[in-house]
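Below you'll find the structure, written out as structure tokens, and then a few comments.
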Amino acid sequence: MQIGSVILAAGMSKRMKSAVPKVIHPILGKPILAYAIATAQAVSSLPPVVVVGHASELVMQNINAGVEYAFQKEQLGTAHAVMMAKDCLKGKVDQVMVISADMPLIRKETLEMLIDSQLSNDGPMSMVSIVDDESRGFGRIIRNEAGDALAIIEEKVADAQQLMIKEYNAGIYCFKSDWLWNALETVKKSAVGEYYLTDLLQIAVEAHQPVKVITLPDAEEAIGINNRVHLAEVEKIMRRRINEAFMLDGVSMIDPERVYIEASVEIGQDTVIYPETYIRGKSKIGKNCEIGPGTIIDDSIVGDDCRILKSVMERAELEDHVEMGPFCHLRSGAYLASHVHMGNFGEVKKSYLGEGTKMGHFSYIGDAQIGNNVNIGAGTITCNYDGQKKNKTVIGDGTFIGSDTMLVAPLTIGKNAVTGAGAVVTKDVGDGEKVVGVPAHVIENKKEEDHS
Ligand code: UD1
Ligand code: CA
């Protein structure tokens, strides 16, 4: 049995009051429509057909591979939109599932249940309804006394009595393919000038064809995003789903309502995430870490047993047992080897800090290669930019950089060297040399043995 799917994404979305189409607004790092597409892909035999129209170029730019497109030039309603997918699917599939791009919370299990229901239905359609106190502008399901569904009445055209009904159309359907394409031709323009897909229920009923309605126990899945209040609501639910999956996998969260993690992230067991922490993109966090409070980690790698307090990392990497924060900023290309300690107010960009190196207070390290067990004194600055280009600083193992040292790059400092407090180092320093002053000059040349 071949199952095709149609995802409606051509609408104007006026209610979002946005310059960009609503379905590309992001939820936890992915555009709204990416969620419905992924769910449809999981249950369809062919790539889902995405119906685009309003700002179609922008919408298509936000879709990954694995879909086909149908174009709806004028947004004449949901029935008209589905009709646009006919050429892609007619004759290729037995059943056609239809969902909206603005419903990211739909679960794969629900679509499977709908398809199963339709496969065991002699009639042409199965659909999903919800029961809730809040109407969200949804169409009402009209039933007769025997409980059979007769019609869907859109809120815009419903009368006072119909508006009281608390069973709503979720906007998730599965149709027998041949029937669908013919029935769509018979849909008439509604009172507001649109061709409503929802009319198909009444069309089936009038032809005495059995329709199955699955009522979901939980209305949450059917929340469609029509405005920014819904967007925030959906984001919160999605976040809860993601956080629960992490917690069930062995990650602890102190107050998960205030933890913001994207589904793409990986986190090891026994790591604890504190509030106001954002972990995004391709980030990977190891085991036994403590992250946050107040930390942002974007596209970064963190080893095992690390502690990061009130800090920001962007495309940076930590090995194991690194401690950083509060108020550190690791920018692109920062790499801290194991047991590095980075205290308050440090910034590192495109630099390597070797094992056991310490950088306790107020420093900027950019474009540097720093060895193992180096002490970077308070206020040390790599003066890496000469106004034209970025220059490199190299520091050998075991070197002691005194407080407030200015390292004027390009510069190489050897192993086990020392710079005095306030030194402005403009020339290379050899292994074991001690330099002081402005500009710095050598005052001592210790032999390697002195350090053994
Ligand atoms: C629709 C249903 C309503 C249901 C609700 C559930 C209709 C007429 N109404 O209402 O019964 O309770 O979903 O969420 O179907 N679209 C197009 N082309 C168009 C018009 C719409 O592609 O010409 C797309 C929209 O981009 C959107 C989807 O179809 O993704 C649904 O349209 P929308 O305007 O959001 O319908 P609702 O008012 O939510
Ligand atoms: Ca909608």
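The values are calculated or read from the model by the stated rules, or taken from the named source; none is laboratory data. Keep in mind it's a predicted model, so treat the numbers as computed, not measured. No Cβ is skipped: glycine too gets one built from the backbone with ideal geometry, and neighbour counts run over all protein chains shown. The accessibility values were calculated without ligands, DNA or RNA, using every heavy atom of the protein model including side chains. Shrake-Rupley method; radii C 1.70, N 1.55, O 1.52, S 1.80 Å.
Please work out the FRET efficiency for the pair Lys390 and Arg228, using the Cβ-Cβ distance as r and a Förster radius of 35 Å; give the result to the nearest 0.05. Before the final figure, lay out each step's value.
Working: r = 41 Å, r/R0 = 1.18.
Step by step, r from the Cβ atoms, then E = 0.25.
Binning the C-alpha pair distances of region 311-451 at 5 Å intervals from 0 yields a P(r) profile of 3, 12, 21, 26, 19, 12, 6, 2, 0 %, listed from the shortest bin outward. Label-to-label distance, Asp87 versus Met247, with points set 7 angstrom from Cα along the beta-carbon direction: 5.0 nm.
The portion of the accessible surface of region 3-222 made up by carbon and sulfur, rounded to a whole percent, is 50 (1.4 Å probe; DNA, RNA and ligands excluded). The simple spin-label model puts a point 7 Å past each Cα toward its Cβ; for Asp132 and Leu46 those points are separated by 3.2 nm. Positive-end ranking of Val128, Leu89, Leu114 along the dipole of region 54-150, with charges on Cβ about the Cα centre, is headed by Leu89.
For Asp122 and Lys282, calculate 0.36 nm times their separation in residues minus their Cα-Cα distance, and state this gained length in nm to one decimal. Net length gain for the segment: 52.9 nm. Dipole magnitude for the chain: computed about the Cα centre from +1 point charges on Lys and Arg Cβ and -1 point charges on Asp and Glu Cβ, it is near 1200 debye. Carbon-plus-sulfur accessible fraction, region 283-349 (probe radius 1.4 Å, protein heavy atoms only): 47%. Given R0 = 56 Å, the distance between the Cβ atoms of Glu112 and Ser332 translates into a calculated FRET efficiency of 0.85. Computed from point charges on the beta carbon alone (+1 for Lys and Arg, -1 for Asp and Glu), the dipole magnitude for region 79-172 about its Cα centre is near 340 Debye. Multiplying the residue separation of Glu257 and Asp159 by 0.36 nm and removing their Cα-Cα distance gives an extension gain of 31.3 nm.
In summary, the lysines within cross-link reach of Lys284, defined as a Cα separation below 25 angstrom excluding same-chain residues under 8 places away, comprise Lys30, Lys236, Lys310, Lys349, Lys350, Lys358. Within region 336-445, the trypsin sites (Lys or Arg not before Pro) that combine a DSSP coil assignment with at most 11 other C-beta atoms in a 10 angstrom radius are Lys389.
Could you tell me the convex hull volume per residue, in Å³, taken over the Cα atoms of the chain?
Numbers: hull volume 76.0 nm³, N = 452.
Looking at the chain, the number lands at 168 Å³ per residue.
Once the Cα atoms are used to define both axes, helix 108-119 deviates from the longest principal axis of the chain by about 20 degrees. With respect to the chain, whose longest principal axis is taken over its alpha-carbon atoms, helix 228-248 is tilted by about 60°. Using the 1.4 Å probe convention, the accessible area of region 3-222 works out to 45 Å² per residue with neighbouring protein chains retained.
Which of the aspartates and glutamates could be linked to Lys446 by a straight reach, that is with a Cα gap under 18 Å, when you skip same-chain ones fewer than 8 residues away? Once the sequence-local aspartates and glutamates are set aside, what remains near Lys446 is Asp397, Asp428, Asp431, Glu433.
On a per residue basis, region 311-451 carries 45 Å² of accessible surface, using protein heavy atoms and a 1.4 Å probe. Simple spin-label estimate for Gln61 and Thr215 gives 4.5 nm between the two label positions (7 Å along the Cα-to-Cβ direction from each Cα). Seen from a random direction on average, the alpha-carbon convex hull of region 3-222 projects onto 11.8 square nanometres. Annotation: lysines with alpha-carbon distance below 27 angstrom to Lys176 (same-chain offsets under eight excluded): Lys73, Lys86, Lys90, Lys92, Lys108, Lys188, Lys189, Lys212. Here r is the Cβ-Cβ distance between Asp148 and Glu185 and R0 is 25 Å; the resulting FRET efficiency, rounded to 0.05, is 0.50.
Provide the gained length on full extension for the span Phe71 to Gln369, in nm with one decimal, where the gain is 0.36 nm per separating residue minus the Cα-Cα distance. Provide the component values of the computation, followed by the final result.
Working: separation 298, 0.36 × 298 = 107.28 nm, distance 5.38 nm.
Extra length available between Phe71 and Gln369 comes to 101.9 nm.
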